[in-house]
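The values are calculated or read from the model by the stated rules, or taken from the named source; none is laboratory data. Predicted model, so just to flag it, every value in this text is computed and none were measured. FYI the Cβ positions are ideal-geometry reconstructions off the backbone, even for glycines, and counts take in every protein chain you see. Please note that ligands, DNA and RNA were not included when accessible areas were found on the heavy atoms of the full protein model with its side chains. Shrake-Rupley method; radii C 1.70, N 1.55, O 1.52, S 1.80 Å.
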Amino acid sequence: ESASETHDSGAPHDAGREGGSEHDDAAFDLDALALCRGAESALLLGPLLGGVADTSIKVWVKTQDAGAAIVRFWTRDGAIRETWTPKPQMEDDFTTVAVLTELQPGSAYRYEILSPDRACLLGTGEFRTLPAEGAEARIRFAAAADVLDDDVPGFRDIMQTKPDFVLMLGDNIYADGSINTIETYRVRYEHVWGGGDFRALFASVPAFMMWDDHELVDNYWDGKNDEVYAFGRRLYESYQGSHNPDPLRAGELYYSFHAGQVGFFVLDTRTHRSNNADLDGPDKSMLGAEQKAALFDWLDKDPSQVHAIVSSVLMHRATTTGDDSWQSFATERAEILDAVSRSSAENVIV
């Protein structure tokens, strides 16, 4: 569904300089580009960077009329590489993800989104890969959540810090509180994902995302058994999960990744949750048995120097969200903290 092609004719930007920003006539017909100005709607949303690693990155876009796109970028020696996105499908809300591979660790790249005929420049940005896994390196990341509007000044503040990536920790839209239909939830995604601050940040800074309750329903706990979960998850996977690292188990959402000597485990605190109102005890779980076992296995086996457990729900005791917080799952929280203390994992943070 996707293909990569390396061209040896040299970059259309300044020769030998990675990430140049000016086009020349060898690569683009300027008259054709002028005609393309009205066709920019062919790229409805994005580009959005995700799933960055030391040698790869994912580029997410939402296109018009199931049209594929080309992601073009330049290697260190100035050679052009192009990767096609898989053709978008209606069931994925016409979103699609290109995976750029064989990149160099800790390296800066410039990229462009082109129409399939290469006549239209639909988007542009730049990114940096993570340091090599296990390498000694400073890692800088931001954590954000609770995105209520389409433009958020905090996103501008994040961009100024130049982080390696952003953890988007849930309530990345507020879809509930209105009519609970896939159409209204889709509009909320398009509203937030289309915000100027949002698009500017994530065209250059990769995101790792996980949902929380407001991508579904406030304080959601019903599991996989209702209509809201079905269409909420469909939209989550189209707009968020598709550009995350692969889940640790097929059909699940939780995942892990590495940045230098730091390992991250990103929890799904909604899919397997017991009823928030259940009496706390050993049978009450926010994670479910399989996810919890995967977390404990990660704590025992991941060789990172620092381990970060990423929870969309506050784990400390000073919470204000009542039964929806880890306070009402205190038995399982104590089990997790005990597993941390008994594991071989060093420097564990939440």
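Descriptive notes on the structure:
- Built amide H within the under 5 Å cut-off of S107, gap 5+: T129
- Too-long pairs where the Cα-Cα distance tops 22 Å, listed order kept, from K58/K301; K224/K284; K58/K162; K62/K162: K58/K301; K62/K162
- Integer Hz, Karplus 6.51/-1.76/1.60 couplings in order for the stretch 338-350, x for Gly and Pro: 5, 5, 4, 5, 8, 7, 8, 5, 9, 6, 8, 10, 10
- Estimated vicinal HN-Hα couplings, Hz - the stretch 202-211 in sequence order (Karplus 6.51, -1.76, 1.60; Gly, Pro = x): 7, 6, 10, 10, x, 10, 10, 10, 8, 7
- Span from the the stretch 256-296 Cα centroid across to the the stretch 49-80 one, whole angstrom: 32 Å
- Solvent exposure of the stretch 38-149 amounts to 42 Å² per residue of accessible area, where only protein heavy atoms count and the probe is 1.4 Å.
- Amide H partners (placed H, <5 Å) of G170, local residues excluded: D146, M210
- Interchain or long-range residues, amide H under 5 Å from T95's placed H: Q89
- GNM on the chain, alpha-carbon springs under 10 angstrom: the most fluctuating residue among A69, A293, A144 is A293.
- When restricted to Cα atoms, the chain yields an Rg and a Dmax of 21.1, 69 Å, respectively.
- For the chain, the residue among N276, L43, A53 whose Cα projects farthest onto the positive side of the dipole built from Cβ charges is A53.
- Vicinal HN-Hα couplings computed from phi for the stretch 305-321 (Karplus, 6.51 cos²θ - 1.76 cosθ + 1.60; Hz; Gly/Pro x): 7, 10, 10, 10, 8, 9, 10, 6, 10, 4, 9, 6, 8, 8, 9, 10, 9
- Computed log10 I(q)/I(0) for the stretch 60-219 at 0.12, 0.17 Å⁻¹: -0.62, -1.17, from the Debye equation with unit scatterers placed on every C-alpha and solvent omitted.
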